[in-house]
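Structure record follows, encoded as structure tokens.
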Amino acid sequence: MISLACLALCATAPARADWQKVQQSGSLKVAVYNEFAPFSDKGAGIDIDIAEALAKKLGLKLSLLPFPAGENLNDDLRNMVWKGHYLGYGPADVMLHVPIDKKLMADNDKVEIFAPYYVETVRLARSAHAVPQFDGVASLAGKRIGVEKVSIAAMLMLGEDNGKYRDDVRIFDTAAEALQQLQAGQLDAVLANRSEIESVLKSDPAFPVNEVAFARLPRAGWAVGLAVSRQQLDVAKLLQAAMNEMAASGELKAIFEKYGVKEARP
């Protein structure tokens, strides 16, 4: 059944072809990133649960379109939101985990980005035994620091202070792998996204989490939300109403808590 908020929206405006097309299909096609724990990995995660909730509120079945990240976000939006991939998959009705970024919006005029639902940040998880006191990046000199390959954390740690810490950095395929090595005593600290740290360490007091000031970090965090084609603005209105409903009821917070992540909305 469509939620009350969505019913109200539908009642106040004439049905549009974009929403009718989705409704007639019987399914909400939602694009989510592959190998992107704790948000979407092997069919589970925060974004998967959000997608399921959105489909339910719109009275539709869920059709997931997991996809690998492209060379840049412009590619992902083209492939999954408004055009479709040349290999034949996509576009979806909506894509999750899209940065709410003015430049990204300006560069993609065929896309509507909206409904921010989480603010991501980079944090440092450290062994309280190996790094008992943290007073900034200088506290990590000579320590074994784990980062995920091709990540903001890796860029920051490898480039800080003209590469001063480069020899201390250990590169891993995923942040989760690095965090597991931290737990095993094979690393002294891990720089990663806050959501990744919280989902693995579960607020373990043996591994305090600190904010780190980097010269090359342009902002404290970045909000992520939903994206649809500009041809589906009525669908966007229904999705926004559904997200508002989830936030107000506490359903969104509960989804994050299920994966050990503290809710952080703009």
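The values are calculated or read from the model by the stated rules, or taken from the named source; none is laboratory data. For clarity, every value in this text was computed on a predicted model and none was experimentally measured. With ideal geometry, Cβ positions are generated from the backbone for all residues, glycine too; neighbour counts draw on all protein chains shown. The area values use the complete protein model at the heavy-atom level, side chains included, leaving out ligands, DNA and RNA. Shrake-Rupley method; radii C 1.70, N 1.55, O 1.52, S 1.80 Å.
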Quick check on Ala31: is it over 25 Å from Gly250 (Cα atoms), within 16 Å of the chain's Cα centre (by Cα) and touching a residue at least 12 places away in the same chain (Cβ under 8 Å)?
no
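Quick grid of which residues meet (1) buried (at least 23 other Cβ atoms within 10 Å of the Cβ); (2) among the aliphatic types (A, V, I, L, M):
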{"residue": "Val32", "(1), (2)": "yes, yes"}
{"residue": "Phe39", "(1), (2)": "yes, no"}
{"residue": "Ala44", "(1), (2)": "no, yes"}
{"residue": "Lys56", "(1), (2)": "no, no"}
{"residue": "Leu64", "(1), (2)": "no, yes"}
{"residue": "Phe67", "(1), (2)": "no, no"}
{"residue": "Gly70", "(1), (2)": "no, no"}
{"residue": "Trp82", "(1), (2)": "no, no"}
Mind counting the residues in region 51-88 that are part of a strand (DSSP E or B) and of a type in the set (Asp, Glu)?
0
Residues of region 183-222 being β-branched (Val, Ile, Thr) and either in contact with a Cys (Cβ under 9 Å, 6 or more places away or on another chain) or more than 21 Å from Pro38 (Cα to Cα) (or both), which ones?
Val212
For region 131-146, give me the residue count where each residue is part of a loop (DSSP other than H, G, I, E, B) and open to solvent by less than 20 Å² (accessible area, probe 1.4 Å).
1
Just one of the numbered conditions (1) open to solvent by 20 Å² or more (accessible area, probe 1.4 Å); (2) within 15 Å of Asn193 (Cα to Cα); (3) in a strand (DSSP E or B); (4) not aromatic (Phe, Trp, Tyr) is not true of Glu112; which one?
(2)
Mind checking which residues of region 74-105 are among the aliphatic types (A, V, I, L, M) and farther than 23 Å from Asp18 by Cβ?
Leu87
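One line per residue, one yes/no per condition, for (1) at pLDDT 95 or above; (2) closer than 24 Å to Ser151 by Cβ; (3) acidic (Asp, Glu); (4) touching a strand residue (DSSP E or B) at 6+ places or on another chain (Cβ under 7 Å):
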| residue | (1), (2), (3), (4) |
| --- | --- |
| Ile46 | yes, yes, no, no |
| Lys56 | yes, no, no, no |
| Asn72 | no, yes, no, no |
| Val98 | yes, yes, no, yes |
| Ala106 | yes, no, no, no |
| Val119 | yes, yes, no, yes |
Checked Ala184, Ala178, Ala220, Ala206 against criteria (within 23 Å of Arg126 (Cα to Cα) and touching a His at 6+ places or on another chain (Cβ under 8 Å)); the one match is Ala206
With the first residue restricted to region 190-213 and required to be over 15 Å from Met157 (Cβ atoms) and assigned by the TED database to the domain that holds Ala128, and the second required to be open to solvent by 60 Å² or more (accessible area, probe 1.4 Å) and in a strand (DSSP E or B), Cβ contacts under 9 Å at 6 or more apart or on different chains are Arg194/Val209; Glu198/Val209; Leu201/Val209; Ser203/Val209
Enumerate the pairs (first residue in region 113-126 and more than 17 Å from Ala220 (Cα to Cα) and not assigned by the TED database to the domain that holds Ala176; second residue anywhere and assigned to a strand (DSSP E or B) and open to solvent by 10 Å² or more (accessible area, probe 1.4 Å)) with beta-carbon separation below 9 Å, excluding pairs fewer than 6 apart on the same chain, so at least 6 apart or on different chains.
Ile113/Pro99
